[in-house]
Amino acid sequence: MTTLRSYIDPDGQKAAGPTSFMTERNEHEVRCGMCARTVYVDEETFSFVSEAIESGLDNPFRCEICAEEYDDLVYEG
């Protein structure tokens, strides 16, 4: 049975994906490869971005805003 609560439980909601603020899960700071906005990510994403940069590639990480803009441009053709 599901119960409704009239209050927000901060421990019950975990941030999924990159955030603009540091969280328990997202403790690594990275910059967007397009706009250089600071975003906090989890260990897995941080490792992916770090390995790409260390191997000489451009920063592959895109913040949510830039990713949406890029998707819109691709869709419009």
Size of the dipole of region 31-77 about the Cα centre, Lys and Arg at +1 and Asp and Glu at -1 on the beta carbon, nothing else charged, in debye to 20? 240
Contour minus Cα-Cα span, Cys35 to Ser55, at 0.36 nm per residue, comes to 5.1 nm
Using a basic spin-label model with each label point 7 Å from the Cα along Cα→Cβ, how many nm lie between Thr23 and Glu64? 0.9
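Here, each number is a calculation from the coordinates, and none is a lab measurement. The structure presented is a predicted model; accordingly, all values stated were derived computationally and were not measured. FYI the Cβ positions are ideal-geometry reconstructions off the backbone, even for glycines, and counts take in every protein chain you see.
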